[in-house]
Amino acid sequence: MGKPFKAGPSKAPFLKGGGNVSDATTDDFPPAFSFEKMADGSGNSFTCCEDEDRLQLAQRMYMLSRVSWREIRQASSKGLGAEKIDRGAIKKGIPKSVTDDVSFFYSLHYRGKRRFVGYRVGQIFYILWVDHTFKVYDHGS
């Protein structure tokens with residue numbers, strides 16, 4: 001029988017996030033995606049989507065994990081880029097794990113005009129909603 005599992009550090013050592021690491025110091029690194037803070041069963045969680053949405057989301061996350069945050073920030077929000085959404089513009093309940101110092105969220109597209117929305121801490125992008133219903137925030141016309 002093998003050795004018993006020992007829990008290691010809470011984050012992989014190669015990730016640049018949390019603590020005193022600023023977004024600016026991690027702009028040259030690609031995003032690392034986390035569903036840790038997503039409320040399951042919210043109507044906009046990963047489990048609430050159709051299989052095609054989950055597939056397209058995974059493919060988009062794979063593509064984005066190959067470019068730096070700097071490239072994402074500089075790209076068009078209609079392509080690989082991100083759109084900033086003010087906290088007050090969110091129509092869904094914000095998970096309690098999201099602290100008040102998070103004043104805005106990023107929206108990135110994954111399939112047509114469908115978006116996934118979350119926030120960034122260093123290199124890590126916490127996905128909170130998969131906006132397959134276009135009800136997380138006002139997308140405009």
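Please compute one quarter of the surface area of the Cα convex hull for the stretch 25-131 and express it in square nanometres.
Its average projected convex-hull area is 6.3 nm².
May I ask for the net charge around SER77, where only other residues with Cβ less than 14 Å from the Cβ of SER77 are counted and Lys, Arg are +1 while Asp, Glu are -1?
Numbers: positive: ARG60, ARG73, LYS78, LYS84, LYS113, ARG114, ARG115; negative: GLU71, GLU83, ASP131.
Charge balance near SER77 sits at +4.
For LYS96 paired with VAL67, estimate the spin-label separation in nm (one decimal), with each label point 7 Å from Cα along the Cα-to-Cβ line.
Spacing of the two 7 Å Cα→Cβ label points: 3.8 nm.
For the stretch 57-125, what's the relative contact order in percent, using C-alpha pairs closer than 8 Å and at least 6 residues apart?
It comes to 28 percent, rounded to a whole number.
What is the Cα centroid distance between the stretch 72-118 and the stretch 23-55, reported in whole angstrom?
11 Å
Would you calculate the separation in nanometres between label points at CYS48 and HIS139, each defined as 7 Å from the Cα along the Cα-to-beta-carbon direction?
In this crude label model, CYS48 to HIS139 measures out at 1.5 nm.
Here, each number is a calculation from the coordinates, and none is a lab measurement. On a predicted model such as this, the values are computed, not experimentally measured, just so you know. Note that we place each Cβ from the backbone using ideal geometry, even for glycine, and neighbour counts take in every protein chain shown.
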